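One structure below.
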Amino acid sequence: MLVVVALVVLVVLANVLMAVLPLVLAVLGAAVPVGLAVLGILSCLGSEKGTNVKLLWVLVMVLAPILGPLLWFFGGGNTPES
């Protein structure tokens, strides 16, 4: 009897998880690019780069919200001013 109850509880929990999981993944899928873009833009605007360089980087980050900030963090923000 206890095994049957445990199996029923597991099935109910699995159904709840299957109903909630797509929503959680959708929220995370939207939050990661937006968060990366916001952090990248803030980092770029706070840098010592020239205005034209900042404008170009912000445009790249808006158009490519995952790749743009990653490029900025791993290369664009560390290069010396020319």
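Worth a mention:
- Helix 2-45 and the longest principal axis of the Cα set of the chain meet at an angle near 10°.
- Equivalent ellipsoid semi-axes - Cα gyration tensor, region 31-77, angstrom: 16, 10, 9
- Relative contact order computed over region 31-77 (Cα-Cα under 8 Å; 6+ residues apart), in percent: 49 percent
- Using alpha-carbon coordinates, inclination of helix 51-63 to the longest axis of the chain, degrees: 20 degrees
- Structure-derived Rg/Rh (Cα atoms, Kirkwood Rh): which label, when the choices are (i) 1.00; (ii) 1.42; (iii) 0.96: (ii)
None of the figures in this text is laboratory data; all of them are computed from the coordinates on show. The structure presented is a predicted model; accordingly, all values stated were derived computationally and were not measured.
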